[in-house]
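Asker: Please see the structure below; I have some questions.
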Amino acid sequence: MGQDAAAPQFEANGNVRVPAFTLPVSSLLSEEAAAFQRMRATTPAFDAAGENEADIAVRREQINAYAAQGVARLRENFAVEIVPRTIGGVEVLDVTPADGSHDPERVLINLHGGAFTVGWDGIALLEAIPIAALGRYRVVSVNYRMAPEHRHPAGVEDVAAVYAALLEDYSPGRIGIYGGSAGGALTAQAAAWLPAHGLPQAGAVGIFGAGGVPFGTGESAYVAGYIDASFPPPPADGSTPMDITRGYFDGCDPRDPSAWPGYHLDVLATFPPTLIITGTRAMDLSPAIFTNSQLLKAGIRSTLIVGEGMGHCYHYGLHMPEGRDAVAAILSFFRENLSR
């Protein structure tokens, strides 16, 4: 019998040749999420990787313009005060409920997404406003140094500087750190960096849309590249993928524990309780799954949430029940773990 052309073909080297197929909208999605997926048929794919813009200044303006409408909606729905400050020598946005009702004993540090190149301050506000308003938290969003002007460990050094300054007013067990995408990866780096550089560990960390290993590792980058289109799949010819970080990790050992702690159980053993959020259509699914498994192996309390039918950083999508549920889980996680 001949081989079925519609069946996967397994090769001797372990590769799988996958036939073309149609992926339906999941029957497990909310109506709002299903409608959003249907809407993509008439909406241009968002170039999250920045493939089509070489000028970093233009790219940063594009991202802030993209985020502006979402930020405006958040400002309409959530009353917050946003104050630019300098903490530990680093520029931050200090975001609190407008009525001053935030928890005086706890603080969250937000690390914005943007491939270590963009995201200040549009993506930062998308991440900080709902958490501050709904959780009644003070959220300090950090303008960490990025590429192409800077290289690792510049970003995590800035995070550590802000964290060290906040220790003057807060117990370490009552400081949480979270971020999405690049900010999620940077959160993992911060959890590795703090105890390695003589600082007490934070009370809890949230790694969203990322893991403690590089983007593009594992199987999900291939799958998401073809079903989500926010990020391109790895090249079919096996060549080096596009560096969406614009050289941020140039000169960094691929397994450097300060950059990618997910490879090192001894480093992960120093982590605080961790919440990881990803989606079945997210390119970061594999890094998230691997990091969660390694944290559990290292004896750390880690919780993994995988949103069915969800893409990269779906917790930004408060128009969907799935996004609102993710934010509720984030707030519950920090309430539970920032109690020391």
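Asker: What order do Ile305, Ile300 take when sorted by accessible area (1.4 Å probe), most exposed first?
Answerer: Order by accessible area, largest first: Ile305, Ile300.
Asker: Accessible area of Thr217, 1.4 Å probe, to the nearest 10 Å²?
Answerer: 40
Asker: Calculate the FRET efficiency for Ala79 and Ala41 from the Cβ-Cβ distance with a Förster distance of 41 Å, rounded to the nearest 0.05.
Answerer: E(calc), rounded to 0.05, equals 0.70.
Asker: Sticking with this one: His102 accessible area, nearest 10 Å², 1.4 Å probe?
Answerer: Counting only protein heavy atoms, His102 exposes about 50 Å² to solvent.
Asker: I'd like the GluC sites (Glu not before Pro) in the range 105-182 restricted to DSSP loop residues with at most 15 other Cβ atoms within 10 Å, sorted by number.
Answerer: Answer in residue order: Glu105, Glu149, Glu168.
Asker: Obtain the nm distance between the two label points defined at Glu105 and Ala196 by a simple spin-label model: each point lies 7 Å from its Cα along the Cα-to-C-beta direction.
Answerer: Distance between label points: 3.3 nm.
Asker: When the chain is treated as a GNM, springs tying every alpha-carbon pair under 10 Å, which of Ala20, Ala128, Ala204 comes out with the largest mean-square fluctuation?
Answerer: Greatest mean-square fluctuation among the candidates belongs to Ala20.
Asker: Still on this structure: Hey, got a sec? Which chymotrypsin sites (Phe, Trp or Tyr not before Pro) in the range 46-134 land in a DSSP loop and have at most 15 other Cβ atoms within 10 Å?
Answerer: Phe46
Asker: Can you send over the carbon and sulfur percentage of the accessible area for the range 219-340, probe radius 1.4 Å, protein chains only?
Answerer: Taking all protein chains in place, the range 219-340 shows 56 percent carbon and sulfur surface.
Asker: Another one. Using only Cα atoms, tell me the angle between helix 56-77 and the longest principal axis of the chain; keep it within 0 to 90° and round to the nearest 10.
Answerer: Rounded to the nearest ten degrees, it is 70.
Asker: Taking the Cβ-Cβ separation of Ser26 and Ser293 as r and a Förster radius of 30 Å, what is the calculated FRET efficiency to the nearest 0.05?
Answerer: 0.80
Asker: Using Cα springs under 10 Å in a Gaussian network model of the chain, which residue among Ser230, Ser220, Ser26 shows the largest mean-square fluctuation?
Answerer: Of the options given, Ser26 has the highest mean-square fluctuation.
Asker: Given 0.36 nm per residue, what is the gain on full extension from Arg301 to Leu167 after removing their alpha carbon distance, in nm?
Answerer: The span from Arg301 to Leu167 would gain 45.9 nm if fully extended.
Asker: What's the FRET efficiency of Thr240 with Ser332 using the Cβ-Cβ distance as r and R₀ = 41 Å, to the nearest 0.05?
Answerer: According to the calculation, E is roughly 0.50.
Asker: Moving on. Plugging the Kirkwood radius over Cα pairs into Stokes-Einstein for the range 112-212, at a temperature of 4 °C and a viscosity of 1.567 mPa s, what D comes out in µm²/s?
Answerer: Stokes-Einstein gives a translational diffusion coefficient of 96 µm²/s.
Asker: Ignoring ligands and nucleic acids, what accessible area does Arg17 show with a 1.4 Å probe (Å², nearest 10)?
Answerer: My reading of the accessible area for Arg17 is about 140 Å².
Asker: Cα axis of helix 285-297 to longest principal axis of the chain: angle in degrees, 0 to 90, nearest 10?
Answerer: It works out to around 60 degrees.
Asker: Relative to the Cα centre, what is the charge dipole magnitude of the range 204-340, using +1 at the beta carbon of each Lys and Arg, -1 at the beta carbon of each Asp and Glu, and rounding to the nearest 20 debye?
Answerer: Result for the range 204-340 is approximately 480 debye, rounded to the nearest 20.
Asker: Report, for the chain, the % of DSSP beta bridges that are antiparallel, rounded to 5.
Answerer: Details: 14 of 39 bridges.
That works out to approximately 35 percent antiparallel.
Asker: Quick check for you: which residues of the range 203-244 have the amide N under 20 Å from the point 7 Å beyond the Cα of Asn15 toward its beta carbon?
Answerer: Counting backbone N atoms under 20 Å from the label point, the list is 216-227, 232-242.
Asker: How much of the DSSP beta bridge set in the range 12-167 is antiparallel, as a percent to the nearest 5?
Answerer: In the range 12-167, DSSP labels about 70 percent of beta bridges as antiparallel.
Asker: How far, in degrees from 0 to 90, does helix 154-166 lean away from the longest principal axis of the Cα atoms of the chain, to the nearest 10?
Answerer: Value to nearest ten degrees: 30.
Asker: Let me ask something additional. Report, in debye and to the nearest 20, how large the dipole of the chain comes out about its Cα centre when Lys and Arg carry +1 and Asp and Glu carry -1 on their Cβ.
Answerer: 540
Asker: Below 8 Å between Cα atoms, with a sequence gap of 6+, how large is the relative contact order for the range 184-288 in percent?
Answerer: Working: 166 pairs, mean separation 47.5, N = 105.
Taking the mean separation of contacting Cα pairs over the length of the range 184-288, I get 45 percent.
Asker: Starting from the Cα coordinates of the range 104-160, work out the convex hull volume and express it per residue in Å³.
Answerer: It is 66 Å³ per residue.
The values are calculated or read from the model by the stated rules, or taken from the named source; none is laboratory data. It should be emphasised that the depicted structure is a prediction, and the values quoted were computed from it without experimental measurement. All Cβ positions, even for glycine, are placed from backbone atoms using ideal geometry, and neighbour counts span all protein chains on display. Please note that ligands, DNA and RNA were not included when accessible areas were found on the heavy atoms of the full protein model with its side chains. Shrake-Rupley method; radii C 1.70, N 1.55, O 1.52, S 1.80 Å.
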